[in-house]
Amino acid sequence: MMSEPRSKTSAADNVRKLDAVIVGAGFAGLYMLHKLREQGMEVLVLEAADGVGGTWYWNRYPGARCDVESMEYSYQFSDELQQQWQWTERYASQPEILKYINHVADRFDLRRDIKLNTQVSTASYDEGTASWSVNTNNGDELSARFCIMATGCLSSTNLPKFKGLDDFTGPTYHTGQWPHAGVDFTGLRVGIIGTGSSAVQAIPIIAEQAKHLTVFQRTPNYSVPARNGPLPLEVQQSIKAEYQQFRKTNNQMPFAFGSKYNFREDAATEATQEELRTEYEQRWRTGGLPFLGAFGDLLFDMGANDTAGDFIRNKIHETVQDTAVAETLSPRQVVGCKRLCADTNYYETYNRPNVTLVDISGDPIECITPDGVRAKGENFEFDCIVFATGFDAMTGALFNMDIRGRDGLELREKWSAGPRTYLGLTTAGFPNFFTISGPGSPSVLTNMLPSIEQHVEWIADCVAYLQSNDYASIEPSSEAEDAWVDHVNAVADTTLYPTCNSWYLGANVPGKPRVFMPYVGFPPYVEKCNEVVAKGYDGFKLSAVSQA
Ligand SMILES: Cc1cc2nc3c(=O)[nH]c(=O)nc-3n(C[C@H](O)[C@H](O)[C@H](O)COP(=O)(O)OP(=O)(O)OC[C@H]3O[C@@H](n4cnc5c(N)ncnc54)[C@H](O)[C@@H]3O)c2cc1C
């Protein structure tokens, strides 16, 4: 409990004083609010959207759903919540996840401390008062001891600067900012640019509606069947019968999910052709991302990875009738070094007579025209265009704000050669500033719900520690941060992740430094976070209470 409540608006300076400001009302911001309020703190969440939900508020494109199973892609902090909530499908759809998040907001009475339609524009640290000044586009001025960024890894949409972008006379849509009323593509000629996870989900459904769908593909992605379907009550009940143990076991998995499936440790390089085929075939039939758990060396050994790549390429050729189209859809990069997709009828969709694939790997789109898209010397005419061009991942949302730490140090400047954090949670020069699932933490390489919960709980414990020990501020030492950045890179370099142009590396955004941002491996990461705490916040500088 804070010694003195800070939620006051001073008439003199019109600044609302709080214990903590949280930016973002997705899964991370909501749980952070709940935790800090439980500790008796005065907290306000600021959210740009007009509703809670984050990712699941914004991404309403047809087919949007999670690719981690619903029973795992959900909060575990409340046993009552996880026992009572009923999921209807193996992978929950966007509307169902949004309903769940809204239920959580109501159930824990969170809305009274969330300010919607409020975009944070600046946040700066005042050394004298050891507090953060936060300003919003609505003219709000807030002062808080702690500033917590729950702004999401995939919340800042990426729209390449196509020449002529504004010339198109029809409607355009970005999958990450989909209209709430939905879009009816019936009878329309639709162009979609991009073939990542969102496109892989949206393409089969848009194709069913549209008169014609033209897909512009720069890089093919590997996709495995999701095998989505209704979630049988017995499956749900059997998990709920031992939910806490199930969660615990999942948290020991490398990606914090999938313990129901065998993540094998033996090597593909030592398996016979028959063993490889049987294993991959069985995982293909089961569906979902545990495909990557077929062998222990898939993400570490190029030869091993090739066996998985060959299997998926064969499946594409078996599924897609036109050999040339199948070849164009066949990825050549390492399986998993770009996020593996899980689909429903993705490859099958290319057998439809109303779907055309345009390979733009060698010839980028020349321009957007008033009538459509010009590529490969040809004009493609559309009634509307869908941009499935992804996100400025991990740093984009942070860089959309002007964030300044000690001595006016700007975050964008500090991270100009790539993000630098300690544990993905904190950054030197920015006292009392936390990033939930920040760069340098497992984040996007994991089931993000347990990753988020682990971060929220770590931050809440840290804040409680500062308060009970009368510390005014905490920030990592530069040495600890440098060592962590080196460690994150060293771990990534033992894997095949950095081998292709992925958004994990920032490669989808021109000019973004190529640095592998997430930390590989959930259990060792959690162990390290716990060890830091057990050693009295090892690697951090703790300052005594400010007199200001
Ligand atoms: C289509 C899609 C599917 C996904 N599927 C999965 C999955 O199956 N499994 C998985 O683990 N992860 C998945 N993810 C990742 C997903 O982002 C996370 O699982 C999780 O929802 C992130 O929650 P969050 O609260 O950290 O961030 P978000 O949900 O992104 O919320 C961040 C919020 O911050 C707000 N915000 C940002 N900047 C500001 C600002 N300056 N001022 C005010 N508000 C701001 C945004 O408006 C947003 O509402 C998916 C992501 C996408 C895009």
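Placing +1 on the Cβ of every Lys and Arg and -1 on the Cβ of every Asp and Glu, with nothing else charged, gives the chain a dipole about its Cα centre of roughly 680 debye.
For region 352-452, relative contact order (Cα pairs under 8 Å, six or more residues apart, normalised by length) works out to 13 percent. For the peptides 480-490, 383-393, 27-37, residues were scored by their other Cβ atoms within 10 Å and the scores averaged per peptide; the highest-first order is 27-37, 383-393, 480-490.
Each peptide among 293-299, 115-121 gets the average number of other Cβ atoms lying within 10 Å of its residues, and from highest to lowest they stand as 293-299, 115-121.
Ordering 88, 421, 516 by Cα displacement along the dipole of the chain toward the positive end leaves 88 in first place; charges were set at the Cβ atoms of Lys, Arg (+1) and Asp, Glu (-1). The rule of thumb for compact globular proteins, 2.2 N^0.38 Å, goes into the C-alpha radius of gyration of region 405-533 1.06 times. Of the solvent-accessible surface of region 11-138, computed with a 1.4 Å probe and all protein chains present, 45% belongs to carbon and sulfur. Across region 121-128, coupling constants 3J(HN,Hα) worked out from phi with the 6.51/-1.76/1.60 Karplus curve, θ = phi - 60°, read 9, 9, 8, 9, 8, 9, 4, x Hz, and Gly and Pro carry x.
In this structure, the amide hydrogen of residue 46, modeled 1.01 Å from its nitrogen in the peptide plane, lies closer than 5 angstrom to those of 22, 23, 24, 115, counting only residues at least 5 positions away or on a different chain.
Couplings 3J(HN,Hα) of region 259-276, computed from phi: 5, 5, 9, 6, 9, 6, 9, 6, 8, 5, 5, 9, 8, 7, 4, 5, 5, 4 Hz, in residue order, whole Hz [Karplus 6.51 cos²θ - 1.76 cosθ + 1.60, θ = phi - 60°; x for Gly and Pro].
Sorting 84-91, 332-339 by their mean Cβ neighbour count within 10 Å, with the most densely packed peptide first, gives 332-339, 84-91. When region 453-507 is described by a simple charge dipole with +1 on each Lys and Arg Cβ and -1 on each Asp and Glu Cβ, the residue from 497, 454, 473 located farthest towards its positive end is 497. Extension gain for residue 184 to residue 252 (0.36 nm times residue separation, less C-alpha to C-alpha distance): 20.2 nm.
Taking all protein chains as shown and a probe of 1.4 angstrom, residue 180 keeps an accessible surface of around 100 Å². Each Lys or Arg adds one and each Asp or Glu takes one away; over the other residues whose Cβ falls under 12 Å from the Cβ of residue 380, this sums to -2. Pairwise inverse Cα distances across the chain, averaged and inverted, put the Kirkwood hydrodynamic radius at 24.5 Å.
Summed over qualifying helices (DSSP H, 4 residues or more, each -39500 (n - 2.57)) and divided by its residue number, the chain shows a 222 nm mean residue ellipticity of -9000 deg cm²/dmol. Taking all protein chains together and a 1.4 Å probe, the residues 166, 19, 140, 126 rank 166, 126, 140, 19 from largest to smallest accessible area.
Here's how it looks for residue 174: its modeled amide H is under 5 Å from those of 387, which are all 5 or more places away or on a different chain.
Among residues other than residue 343 with Cβ under 13 Å from its Cβ, the summed charge is +2 (Lys and Arg +1, Asp and Glu -1). Dipole check for region 391-548: with +1 at the C-beta of Lys and Arg, -1 at the C-beta of Asp and Glu, and the Cα centre as origin, the magnitude is about 340 Debye.
Dividing the C-alpha radius of gyration of region 1-132 by 2.2 N^0.38 Å, with N its residue count, gives 1.21. Short-range pairs are left out: with C-alpha atoms under 8 Å and at least six residues apart, the relative contact order of the chain is 19 percent. Here the translational diffusion coefficient of region 289-419 follows from Stokes-Einstein with Rh set to the Kirkwood radius across Cα pairs; for 25 °C and 0.890 mPa s it amounts to 131 µm²/s. Here the contact order of region 41-150, divided by its residue count and restricted to Cα pairs under 8 Å and six or more residues apart, works out to 28 percent.
Using the structure shown, select from 163/512; 248/528; 99/338 the pairs with a Cα to Cα distance greater than 24 angstrom. With Cα atoms farther than 24 Å apart: 99/338. Here the Karplus curve 6.51 cos²θ - 1.76 cosθ + 1.60, taken at θ = phi - 60°, turns the phi angles of region 68-73 into couplings of 9, 4, 3, 5, 10, 8 Hz, with x standing for Gly and Pro. For region 194-293, the set of GluC sites (Glu not before Pro) satisfying both a DSSP loop assignment and a count of at most 16 other C-beta atoms within 10 Å is given as 242, 265. Quick check on the chain: of the DSSP beta bridges with both residues there, what percent are antiparallel, nearest 5%? Of those bridges, close to 45 percent are antiparallel. Amide H to amide H distances under 5 Å link residue 541 with 475, 477, where only residues 5 or more positions off or on other chains count and H is placed in the peptide plane.
Based on Cα atoms of region 228-294, Rg over Rh with Rh as the Kirkwood radius reads 1.04.
The values are calculated or read from the model by the stated rules, or taken from the named source; none is laboratory data. Since this is a predicted model, take the numbers as computed values, not measurements. For neighbour counting, all protein chains shown are included, and Cβ atoms are generated from backbone atoms with ideal geometry for every residue, glycine included. Quick note on the areas: whole protein, heavy atoms, side chains included, nothing else; ligands and nucleic acids left out. Shrake-Rupley method; radii C 1.70, N 1.55, O 1.52, S 1.80 Å.
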